[in-house]
Amino acid sequence: MTNLHGKRIVLGITGGIAAYKSAAIASRLVQSGAMVDVVLTESAQKFITPLTFQSLTHRRVFTDIFDIPPAENIPHIELSHQIDLLLIAPATANTIAKMAHGQADNLLTAIALATDKPILIAPAMETDMWEHPATRRNIATLTEWGVAQVGPAAGRLASGRMGRGRMAEPDEIVDAARQVLAKNGDMVGMRVVVTAGGTREPIDPVRYITNRSGGKMGHALAEVARDRGAQVTLVTTAGLPAPSGVSVVRVNTAAEMADAVLTAIPESDALVMAAAVADYRPAEIAPQKIKKGDGGLTLSLVRTPDILQLVAKYRAETGFPRKVVGFAAETTDVRRNAQEKLARKRLDWIAANDVSRTDAGFGVETNQVTLFGADGSVVELPLMSKTAVAAEIWNRVAGK
Ligand code: PMT
């Protein structure tokens with residue numbers, strides 16, 4: 001569940017060819033649990049129909065400021081005050097100009113002028129229009145007023161020319177909407193550090209020892225904290241895309257992860273260690289690829305640093321991170337092993353998951369964890385998405 005769940009969003013669509021991508025934006029917002037009211041300008045309707053959006057949102061689509069059914073409130077007044085976000089995608093040079101000059105000659109620009117809620121625009125136009133001094137000035141005016149912007153990207157434009165002016169992709173726009181909404185989140189002002197993925201301990205230049213962690217749990221923790229307004233550092237080994245608005249530190253080995261975590265935790269409010277850190281690494285890294293012989297091969301392994309124990313030492317000296325949460329990946333005796341790690345690593349909470357299950361732990365989208373608290377509390381959560389597990393963990397850290 002993201003911070004879009006339960007939010008009311010006006011998706012304003014203006015007249016550009018990128019309007020066809022707005023259907024994907026509407027669909028993603030609805031799938032994330034947002035209530036989406038679509039407003040199409042007259043020129044937007046030349047590119048895409050109200051029926052498309054009515055089918056996707058299951059709600060009435062607004063097109064005309066004067067189309068007010070009897071006994072209903074004036075749409076632009078109601079929509080502008082009862083929403084959490086006004087998202088305009090695509091935003092043409094014309095609509096941007098109207099907004100920058102306080103014009104309200106259609107329903108969408110009237111909502112933009114009347115609303116006291118956050119506005120996010122996704123500009124889309126030809127490069128010459130984007131670079132024109134008038135557009136530059138209009139964008140600067142909107143930015144000064146606090147209007148957020150995503151894109152435009154550089155690439156092939158509708159004219160066939162290459163340049164800046166392409167609307168950002170729907171996923172990027174939805175992500176930007178999450179970041180705008182995060183500004184009112186319950187973790188605003190918090191600094192948190194999250195680790196993700198399995199460490200890779202090299203044997204030689206082409207081989208390494210690792211585990212099955214793909215990083216989804218840690219990345220979900222980072223995204224949920226960001227959506228709730230926290231400033232997030234994500235130390236990750238995973239090849240997953242960097243969540244926007246998160247400070248990402250890419251590492252490989254347990255030693256590199258230890259360094260990155262110790263660099264990130266001063267003054268931090270919380271550390272959540274979802275990474276599957278190798279306990280052992282090869283004693284020597286062969287400088288050249290090891291050639292196969294007739295016999296077997298014996299690798300000599302030595303211990304890696306226990307990052308949480310290093311963190312516990314630093315915390316005892318400085319008080320930071322204020323809260324520390326670990327994970328326990330177990331296949332047997334989940335409760336006993338998790339409680340032993342909670343005490344030995346001096347954690348506030350440990351999230352125990354049974355990684356022998358096929359629907360929890362490594363790689364999959366879902367997880368089933370039991371949270372053990374240093375105060376003796378035990379919270380057994382049902383099987384849920386990793387995003388929902390992340391929300392439960394942050395609820396404890398943020399004291400909800
Ligand atoms: O990444 P995914 O594919 O989404 O999978 C998620 C997950 C299964 C990896 C995750 O939910 C999880 O369980 N992460 C912890 C895995 C792990 O290393 O567990 P552990 O029981 O071996 O370690 C206990 C804790 O000590 C962990 O918080 C670990 O990060 C930490 N640790 C471990 C070894 C070490 N040298 N230093 C550490 O700090």
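The values are calculated or read from the model by the stated rules, or taken from the named source; none is laboratory data. Quick caveat, the model's predicted, so the values are computed rather than measured. Cβ placement follows ideal geometry from the backbone for every residue including glycine, while neighbour counts extend to all protein chains displayed. SASA here: full protein model, heavy atoms, side chains in, ligands and nucleic acids out. Shrake-Rupley method; radii C 1.70, N 1.55, O 1.52, S 1.80 Å.
Using alpha carbon centroids, what distance separates region 186-226 and region 247-280, in Å? Result: 8 Å between the Cα centres. The longest part of the chain holding none of the exposed loop chymotrypsin sites (Phe, Trp or Tyr not before Pro), meaning those outside H, G, I, E and B in DSSP with at most 13 other Cβ atoms within 10 Å, is 146-400. In region 191-397, the C-alpha radius of gyration followed by the widest Cα-Cα span (Dmax) gives 17.2, 58 angstrom. Sorting the segments 230-239, 83-92 by their mean number of nearby beta carbons within 10 angstrom, highest to lowest, gives 83-92, 230-239. Computed in the context of the full set of protein chains, the accessible area of region 8-182 at 1.4 Å probe radius has 53% of its extent on carbon or sulfur.
Compare Asp375, Asp175, Asp128, Asp294 by solvent-accessible area with a 1.4 Å probe and give them largest first, with all protein chains kept in place. Walk me through the numbers before you get to the answer.
Details: Asp375 125, Asp175 30, Asp128 90, Asp294 165 Å².
Greatest to least solvent exposure: Asp294, Asp375, Asp128, Asp175.
The heavy atoms of Thr358 present about 130 square angstrom of accessible area, all protein chains included, probe 1.4 Å. For region 299-355, rounded, prolate or oblate, judged on the Cα gyration tensor with a ≥ b ≥ c (square roots of eigenvalues), a/c < 1.5 rounded, else prolate if a/b > b/c? Oblate, because a/c is 1.5 or more while a/b does not exceed b/c. Solvent-accessible area assigned to carbon and sulfur over region 238-379 amounts to 52 percent, based on a 1.4 Å probe.
Within the straight-line cut-off of under 27 Å between alpha carbons, the lysines reachable from Lys323 are Lys183, Lys216, Lys313, Lys341, Lys345, Lys386, Lys400, sequence neighbours fewer than 8 places apart in one chain being disregarded.
Could you tell me whether the chain comes out rounded, prolate or oblate from its Cα gyration tensor? Rule is a ≥ b ≥ c as square roots of the eigenvalues, rounded for a/c under 1.5, then prolate if a/b exceeds b/c, otherwise oblate.
Verdict is prolate for the chain.
If you run the Gaussian network model on the chain, springs between alpha carbon atoms under 10 Å, then out of Ala112, Ala140, Ala260 the most flexible one is Ala140. Taking a straight Cα-Cα cut-off under 16 Å and skipping sequence neighbours fewer than 8 places away in the same chain, the aspartates and glutamates within cross-link reach of Lys117 are Asp37, Glu78, Asp84, Glu144.
Trypsin sites (Lys or Arg not before Pro) within region 86-185: which are DSSP loop residues with at most 16 other Cβ atoms inside 10 Å?
Working: sites: Lys98, Arg136, Arg137, Arg156, Arg161, Arg164, Arg166, Arg178, Lys183; in loops: Arg161, Lys183.
The qualifying sites are Arg161, Lys183.
Give me the 1.4 Å probe accessible area per residue for the chain, excluding ligands and nucleic acids, in Å². Intermediate results must be reported in sequence, preceding the final value.
On the way: 18670 Å² over 400 residues.
Counting only protein heavy atoms, the per-residue value for the chain is 47 Å².
Of all lysines in the structure, those lying under 16 Å Cα to Cα from Lys21, and not within fewer than 8 positions of it along the same chain, are Lys46. The helix-only estimate of mean residue ellipticity at 222 nm for the chain, built from DSSP H runs of length n ≥ 4 each weighted as -39500 (n - 2.57), is -9500 deg cm²/dmol after division by the residue total. The figure for Met1 is an accessible area of roughly 130 square angstrom, using a 1.4 Å probe on the protein chains alone.
Scan the chain and hand back the longest stretch that contains none of the GluC sites (Glu not before Pro) lying in DSSP loops with at most 14 other Cβ atoms within 10 Å. List each step's numbers first, then the result.
Numbers: sites that count: Glu42, Glu72, Glu267, Glu284, Glu365.
With a cap of 14 other Cβ atoms within 10 Å, the longest stretch comes to 73-266.
Dimensions of region 8-182 from C-alpha coordinates, computed as largest minus smallest value along each principal axis and given longest first, are 48, 34, 31 Å. Build a GNM of the chain with springs between Cα atoms under 10 Å apart, and of Ala388, Ala114, Ala220 the one that fluctuates most is Ala114. Classify region 271-325 as rounded, prolate or oblate, taking a ≥ b ≥ c as the square roots of the eigenvalues of its Cα gyration tensor: rounded when a/c is under 1.5, otherwise prolate if a/b is larger than b/c and oblate if not. Prolate shape, in that a/c is at least 1.5 and a/b is the bigger ratio.
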